[in-house]
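The values are calculated or read from the model by the stated rules, or taken from the named source; none is laboratory data. Quantities reported herein were computed from a predicted structural model and do not represent experimental measurements. Note that we place each Cβ from the backbone using ideal geometry, even for glycine, and neighbour counts take in every protein chain shown. Heads up: the accessible areas ignore ligands, DNA and RNA and are worked out on the full protein's heavy atoms, side chains in. Shrake-Rupley method; radii C 1.70, N 1.55, O 1.52, S 1.80 Å.
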Amino acid sequence: MAAQITPPSSSSSSLAFSSEFNVWKPMRCCFFNWVSQVCPRIRPTNHFRIKSSNGHPLNAVSMQGGMDGSPLAKGINPEEQEEFFIDILDKEEALSTLSITVVGASGDLAKKKIFPALFALYYEDCLPKNFIVFGYARSKLTDEELRNIISTTLTCRIDKRENCKDKMEQFLKRCFYHSGEYNSEENFAELDSKLKKKEAGKLSNRLFYLSIPPNIFVDVVRCASMKASSAYGWTRVIVEKPFGRDSESSAELTRCLKKYLTEDQIFRIDHYLGKELVENLSVLRFSNLIFEPLWSRNYIRNVQFIFSEDFGTEGRGGYFDNYGIIRDIMQNHLLQILALFAMETPVSLDAEDVRNEKVKVLRSMKPLELEDVIIGQYKGHNKGGRAYPGYTDDSTVPKNSITPTFAAAALFINNARWDGVPFLMKAGKALHRKRAEIRVQFRHVPGNLYKRNFGTDLDKATNELVLRVQPDEAIYLKINNKVPGLGMRLDRSDLNLLYRARYPTEIPDAYERLLLDAIAGERRLFIRSDELDAAWSLFTPLLKELEAKKIAPELYPYGSRGPVGAHYLAAKYNVRWGDLGGEDD
């Protein structure tokens, strides 16, 4: 017997069942468990039984535009909606299709990150049985030309490689291309026709990934909303940073996007939140009794968030010069990690509970002041017989540019847990090595019996917890111990969890995790609008002052440790940067 299913209306917020026919209407729930819990007669395929990043099963799809049951702004008029039927006894018909459209498919991000991540998910059997991938851009390409471009960037898991070639061919057969303008409703209507043809009448869910400059976000969202959104399934949009240049432009972007989308349909992606060690941060803290009692001003002396790259802008200086290192790295990547680090224990791992706590942290912080910030810019340098160019030597950068390629800042959280603890950030390009890490330096042992064994340098006796995000993911704790022998000589050693030694399997790329969560409707690792507002409010006054006063950055040689001023900033708060020792410090 066929069950009659009524499409969702904008007021749908409850789920009603008929015990005889298993008739359902949308409810306020996560989409990935309605099949297994609501309609047990519909079984998901084996390769779709996976978990999203909050640990819940991801095994089905929803008929909603958002968690609240709201359809896309394009919407469905309840008075005009047609009834449609799905035979719930027919598993293949009951399963929906997933259509992923990569807007800006000819760009570097799409080619290097998004398509490879989608293939990795397919290779790991993490995508539903019925899915297609469409590329959309202005470039004139055929389906085959797109597939040829994509094929050069696809790789299989190093630790597996079973049926790699076959998997690639199968994936590429699901990839298609449509050329069009980003502001053309007509072109998006043509895309919609192609999608419908491939979806073959099944319930369609559509995900749009905007791999494009922010100045055309709104045009694409408007056209996709009006002409290419799903009629009955959900439609979601992933938006890449930057989310504006300051509080005002960010708020305006959000306001414009919400003309066509609900908040639950907007997935603001920060790929650092998908990195394995960042994911492990809350696990380390909240599931290990030894750490949570220490996670406060009583035991922690300072916390450092360090991001360094050993290369310069190298051809993308034109883009970078419009934003600078503070907007590019600190306001998003590092601040998001700080919020996760410092937040109170959430009620649960549900997205809203976690994001609520992050917002509280951001709102408890005082805006950055100029006296707590150092900016720098790398200059040309000769090293090892090789000449390294300066930032302004890049042909795409204005010769008189004062855009910072390095910044260090001291931030403070005004709450009971963290009062007085300096949170130091440091980010830069063209430094001595590539590294991203979190360093937690604990207070000195009061009345330390072995103080004399360390001489005058008490920092050597400081316990330090380090989470190395990249490269060579690791967690290690620096402790003091006695060197074997008849004398009393102390040494500082590491209790080290090196991921490649403990877990020999390849670690998934951050984009894989985040794409999977977006498909699942899991929002925990994506940025909410009020979270974005709170983040910009911390940095906007500083950015405006830097630009108004035209403050020149301190120059530092390409391949060095950065400006000397960063060390003075740390010393101001009686802190030594933790990455100034040996290569493994």
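The single condition among (1) open to solvent by 40 Å² or more (accessible area, probe 1.4 Å); (2) among the polar types (S, T, N, Q); (3) within 25 Å of Gly428 (Cα to Cα) that Asn356 does not meet is (3).
Could we say that Leu141 is under 23 Å from Ala518 (Cβ atoms) and not in a strand (DSSP E or B) here?
Details: under 23 Å from Ala518 (Cβ atoms): no; not in a strand (DSSP E or B): yes.
Spelling it out, it is not the case that Leu141 is under 23 Å from Ala518 (Cβ atoms) and not in a strand (DSSP E or B).
One residue stands out among those in segment 146-190 that are part of a helix (DSSP H, G or I) and in contact with a strand residue (DSSP E or B) (Cβ under 7 Å, 6 or more places away or on another chain): the one that is nearest to Ser99 (Cα to Cα), which is Glu190. Test of understanding: among Leu207, Leu154, which residue is touching a residue at least 40 places away in the same chain (Cβ under 8 Å) and either hydrophobic (A, V, I, L, M, F, W, C) or open to solvent by 30 Å² or more (accessible area, probe 1.4 Å) (or both)? The match here is Leu207.
Within the bounds of segment 160-170, is there any residue that is in contact (Cβ under 8 Å) with a residue 60 or more places away in the chain and within 22 Å of Ala110 (Cα to Cα)? No, segment 160-170 contains no residue that is in contact (Cβ under 8 Å) with a residue 60 or more places away in the chain and within 22 Å of Ala110 (Cα to Cα).
If you go through segment 519-550 and keep only what is open to solvent by 50 Å² or more (accessible area, probe 1.4 Å) and β-branched (Val, Ile, Thr), you end up with nothing.
Leu516 - would you say it is in the same structural domain as Phe291 (by the TED database) and either surrounded by 13 or more Cβ atoms within 10 Å (Cβ to Cβ) or touching a strand residue (DSSP E or B) at 6+ places or on another chain (Cβ under 8 Å) (or both)? Reasoning before the result, please.
Numbers: in the same structural domain as Phe291 (by the TED database): no; either surrounded by 13 or more Cβ atoms within 10 Å (Cβ to Cβ) or touching a strand residue (DSSP E or B) at 6+ places or on another chain (Cβ under 8 Å) (or both): yes.
Answer is no for this residue.
For segment 125-148, what are the residues that are of a type outside the set (Phe, Trp, Tyr), open to solvent by less than 60 Å² (accessible area, probe 1.4 Å) and more than 15 Å from Asn205 (Cβ to Cβ)?
So the first thing to find is which residues in segment 125-148 are of a type outside the set (Phe, Trp, Tyr), and the list is 125-130, 132-133, 135, 137-148.
Pick out the ones that are also open to solvent by less than 60 Å² (accessible area, probe 1.4 Å) and you get 126-128, 130, 132-133, 135, 137, 139, 141, 143, 146-147.
Cys126, Gly135, Ala137, Ser139, Leu141, Asp143, Leu146, Arg147 - these are the residues of segment 125-148 that are of a type outside the set (Phe, Trp, Tyr), open to solvent by less than 60 Å² (accessible area, probe 1.4 Å) and more than 15 Å from Asn205 (Cβ to Cβ).
Per the listing Leu146, Leu141, Leu109, Leu154, the residue uniquely farther than 21 Å from Thr235 by Cα and touching a Gly at 6+ places or on another chain (Cβ under 7 Å) is Leu146. Modelled with pLDDT under 90 and surrounded by 17 or more Cβ atoms within 10 Å (Cβ to Cβ), is that true of Phe320? Criteria met by Phe320.
When segment 219-263 is examined, which residues are found to be assigned to a helix (DSSP H, G or I) and open to solvent by 40 Å² or more (accessible area, probe 1.4 Å)? Can you show your working first?
Of the residues in segment 219-263, the ones assigned to a helix (DSSP H, G or I) are 219-227, 247-257, 263.
Listed by number, the residues that qualify are Asp219, Arg222, Met226, Lys227, Glu248, Ser249, Ala251, Glu252, Arg255, Glu263.
Mind counting the residues in segment 191-204 that are part of a helix (DSSP H, G or I) and either in contact with a Ser or Thr (Cβ under 9 Å, 6 or more places away or on another chain) or touching a residue at least 40 places away in the same chain (Cβ under 8 Å) (or both)? Break it down stepwise before answering.
Here is the first cut: in segment 191-204, the ones part of a helix (DSSP H, G or I) are 191-199.
Subset that is either in contact with a Ser or Thr (Cβ under 9 Å, 6 or more places away or on another chain) or touching a residue at least 40 places away in the same chain (Cβ under 8 Å) (or both): 191-192, 194-196, 198-199.
Of the residues in that region, 7 qualify.
Within segment 430-438, the presence of at least one residue that is surrounded by 19 or more Cβ atoms within 10 Å (Cβ to Cβ) and part of a loop (DSSP other than H, G, I, E, B) is confirmed.
From the list Lys429, Lys379, which residue is at pLDDT 90 or above and closer than 28 Å to Glu279 by Cβ?
Of the residues listed, the single one that is at pLDDT 90 or above and closer than 28 Å to Glu279 by Cβ is Lys429.
Would you please name the residue that is surrounded by the fewest Cβ atoms within 10 Å (Cβ to Cβ), looking only at residues in segment 496-513 that are assigned to a loop (DSSP other than H, G, I, E, B) and of a type outside the set (Val, Ile, Thr)? In this case the residue turns out to be Pro504.
Looking across segment 277-294, the residues that are out of contact with any Leu (no Cβ under 9 Å at 6 or more places or on another chain) and either of a type in the set (S, T, N, Q) or not assigned by the TED database to the domain that holds Leu340 (or both) come down to Ser287, Asn288.
I'm trying to understand the selection: among the residues of segment 474-487, which are of a type outside the set (S, T, N, Q), in contact (Cβ under 8 Å) with a residue 12 or more places away in the chain and either open to solvent by 50 Å² or more (accessible area, probe 1.4 Å) or under 19 Å from Lys451 (Cα atoms) (or both)? I'd like the intermediate steps shown before the answer.
Within segment 474-487, the subset of a type outside the set (S, T, N, Q) is 474-479, 482-487.
Next, only the ones that are in contact (Cβ under 8 Å) with a residue 12 or more places away in the chain stay: 474-479.
Listed by number, the residues that qualify are Lys478, Ile479.
Taking segment 279-303 as the range and being in a helix (DSSP H, G or I) and either over 28 Å from Ala570 (Cα atoms) or touching a helix residue (DSSP H, G or I) at 6+ places or on another chain (Cβ under 7 Å) (or both) as the test, the residues that pass are Leu281, Ser282, Val283, Arg285, Phe286, Glu292.
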